[in-house]
Amino acid sequence: MRRESPAPLGHARERGATGGATAVAHPNIALIKYWGKRDEQLVLPRVDSLSMTLDVFPTTTRIRLAPGAGHDEVTLDGRPAGGEALRRVVAFLDLVRERAGLAHRAVVDSENTVPTGAGLASSASGFAALALAAAAAYGLDLDATALSRLARRGSGSASRSVFGDFAVWHAGPASGTAAEADLGSHAEPVPVGDLDAALVIAVVDAGPKTVSSREAMRRTVDTSPLYESWAVSSRGDLTEMRAALLAGDIEAVGEIAERNALGMHATMLAARPAVRYLSPATLTVLDGVLRLRRDGVPAYATMDAGPNVKVLCRRTDADRVARTVRDAVPGGSVLVAGPGPGARLLHGDDR
Ligand code: DP6
C-alpha cells in the first residue's frame, strides 16, 4: 500500500480538491469507429461511435498537486514524458485547472499495460484515468457524463472508456453554439442482450505507429474522396449495430463491425498521401478469420490506427479463434479480452 500526504491546498480543500488521487481505466475497441473531427480544439467528432471496454491492459494514473512548482512533471511508464505526449497532458491539466480555479501544477505518474501508440487504445485508457484522477485531485465534482465530456478533450476515444461494457459516444449537435456541441458530445452505456462476446487481440507489431491517429484522421477528412460516403454509411451502421447488440446477434454485430472498420481503412488508403496501417501480418490474420467463418465459426475482424487485429467472437469460440490467429502469425502475441469495467478511483489498499 502506498500512503501519500495530500499537498497543502488551503482554500482549495474547502472546494473539494483532494490534492492527490489515483484512477484506473481500461482501453476500449470501437465496433463503430470514430474517425474524423469537426472541431479539433473541442475534440468533437464527425460521427457517433460505439465500443467495447476491455478487461485487459488497464492504465493506472496517479496525480499529486504540487503547490509552488513551476511546471507539471509527467512520467509515462517510468520515463519522463516529453514532446507531444507531455504537451497533451499539460494542455489537459490546464483545462482542469481553469475549471477548478486552481493554478497548482501537478506530478503525474501513469502506467500503461498496453504497448503505447500501437493502435491499441492507450490514449483512451490513459486520458480516462487522467480525467478521473485529475478531477478528484483538483476538486471537480463530475458525474459520469461530465467526466466523459472532460476525458474527450484529452483523446476522443477516452470519452468511451469512462464506461464499462458497451458505450456509444454521441457526436453532439452539428449546429448551435460551441457550448451546446460540447454538452451534447459524451458517451453513455448501450443496452446489450445475451451476447457473450470476446475480442481476441492479435498483436502483430507492438512498435509505435508512424502516423498518429490525430494526423491521419485530419488528412483523411481533408483529402480523402471516400470520407463522406463512409461517414454517411457509418450512421446506418450504428443504428443496425444497436439493434444487433440488443438482440445478442453476434453474427450481425461482427459483420457490421468488420465492414465499418474496413470502410474506415479504405478512407485512409484514399487519402493524399495515403495512410496505411495494415501490414502483411494484418492481412494474414484476416485470411485466418475468413477461414474460421468458412468453417462455421462466427469471427469478425476490426483494426484501428495500427496493424494489430481484434477478432470479435463468442467467448465459447475464443480459444479456437486464438489458436488460428496464433498459427497465422507465429511471431505475434495473442490474448483474449472480454467486456471490462469503467474508470474508477483507487482508494487505500487498492493503490
Ligand atoms: C481508429 O481517440 O486516439 O481508434 O481524439 O485525436 O486522440 P484523438 O484520437 P483517438 O482516435 C481513435 C481512433 C480509432 C477509432 C476509435 O477508437 O473509435
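The values are calculated or read from the model by the stated rules, or taken from the named source; none is laboratory data. What you see is a predicted model, and the numbers here were worked out from it, not measured in a lab. Cβ coordinates were reconstructed from backbone atoms using ideal geometry, including for glycine residues, and neighbour counts include every protein chain displayed. Accessible surface is based on the protein model in full, side chains and every heavy atom, while ligands, DNA and RNA are left aside. Shrake-Rupley method; radii C 1.70, N 1.55, O 1.52, S 1.80 Å.
For this structure, a couple of remarks:
- Which listed residue, of L42, L93, is surrounded by fewer than 18 Cβ atoms within 10 Å (Cβ to Cβ), outside the structural domain of L238 (by TED's automatic domain parsing) and touching a residue at least 12 places away in the same chain (Cβ under 8 Å): L42
- Test: T284 is open to solvent by less than 10 Å² (accessible area, probe 1.4 Å) and hydroxyl-bearing (S, T, Y): no
- Considering residues of the stretch 195-230 that are within 13 Å of the ligand (Cβ to nearest atom) and among the small types (G, A, S) only, the residue surrounded by the fewest Cβ atoms within 10 Å (Cβ to Cβ): S212
- Restricting the first member to the stretch 128-143 and to residues that are in contact (Cβ under 8 Å) with a residue 40 or more places away in the chain, and the second to residues that are part of a helix (DSSP H, G or I) and open to solvent by less than 10 Å² (accessible area, probe 1.4 Å), the beta-carbon pairs closer than 6 Å and six or more apart or on different chains are A128/A151; A128/A158; A128/S161; A131/L150; A131/A151; A134/V96; Y138/V96.
- Of the residues making up the stretch 207-225, those that are of a type outside the set (S, T, Y) and either modelled with pLDDT under 95 or in a loop (DSSP other than H, G, I, E, B) (or both) are G207, P208, K209, V211, R214, P225.
- Condition broken by E188, with the remaining ones in (1) more than 27 Å from S279 (Cα to Cα); (2) at pLDDT 95 or above; (3) open to solvent by 60 Å² or more (accessible area, probe 1.4 Å); (4) not in a strand (DSSP E or B) satisfied: (4)
- Qualifying positions in the stretch 19-44 - in a strand (DSSP E or B) and near the ligand (Cβ under 8 Å from one of its atoms): N28, I29, A30, I32, K37
- Qualifying positions in the stretch 312-331 - open to solvent by less than 80 Å² (accessible area, probe 1.4 Å), away from the ligand (no atom under 16 Å from the Cβ) and at pLDDT 95 or above: C313, D317, A318, V321, A322, T324, V325
- Index of the failed condition, A231 passing every other in (1) in contact (Cβ under 8 Å) with a residue 60 or more places away in the chain; (2) part of a loop (DSSP other than H, G, I, E, B): (2)
- Qualifying residue in the stretch 45-59 (condition: of a type outside the set (K, R), farther than 19 Å from S161 by Cβ and away from the ligand (no atom under 16 Å from the Cβ)): no
- Comparison of V204, V285 shows that the only residue that is modelled with pLDDT under 95 and under 22 Å from R320 (Cβ atoms) is V204.
- Boolean, L142 is in contact with a Phe, Trp or Tyr (Cβ under 6 Å, 6 or more places away or on another chain) and more than 13 Å from the ligand (Cβ to nearest atom): no
- Positions within the stretch 150-168 being in a helix (DSSP H, G or I) and either modelled with pLDDT under 95 or within 13 Å of the ligand (Cβ to nearest atom) (or both), in sequence order: A151, R152, R153, G154, A158, S159, R160, S161
- Qualifying residue in the stretch 78-87 (condition: more than 30 Å from V309 (Cβ to Cβ), aliphatic (A, V, I, L, M), out of contact with any His (no Cβ under 8 Å at 6 or more places or on another chain) and within 16 Å of the ligand (Cβ to nearest atom)): yes
- For P307, the conditions (1) under 17 Å from L54 (Cβ atoms); (2) surrounded by 24 or more Cβ atoms within 10 Å (Cβ to Cβ) are fulfilled apart from (1).
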